[in-house]
Ligand SMILES: [Zn+2]
């Protein structure tokens, strides 16, 4: 298995310390599984009110509350 490479959404730098990685969002793929969005611990707060992250989270929450059946 290939280890997941975590890149900070805020500064685009790789997060080398697992303890410094904060999951800020999960984005759903159009086909197949989605992916996690990470940020440095110090940068997660900067992304807290990011409209794209908020939209992505809202979409995920809505999809969980209102699952669309085939
Ligand atoms: Zn960062």
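The values are calculated or read from the model by the stated rules, or taken from the named source; none is laboratory data. Everything numeric in this text was worked out from a predicted model, so none of it was measured. Neighbour counts run over all protein chains shown; Cβ positions are idealised from the backbone, glycine included.
Among all positions in the stretch 37-50, there is at least one residue which is under 10 Å from the mean Cα position of the chain (by Cα) and at pLDDT below 90. Among the residues making up the stretch 1-36, those that are at pLDDT 85 or above and out of contact with any strand residue (DSSP E or B) (no Cβ under 8 Å at 6 or more places or on another chain) are 12, 16, 17, 18, 19. Restricting attention to the stretch 6-42, the residues that are part of a loop (DSSP other than H, G, I, E, B) and within 14 Å of the ligand (Cβ to nearest atom) add up to 9.
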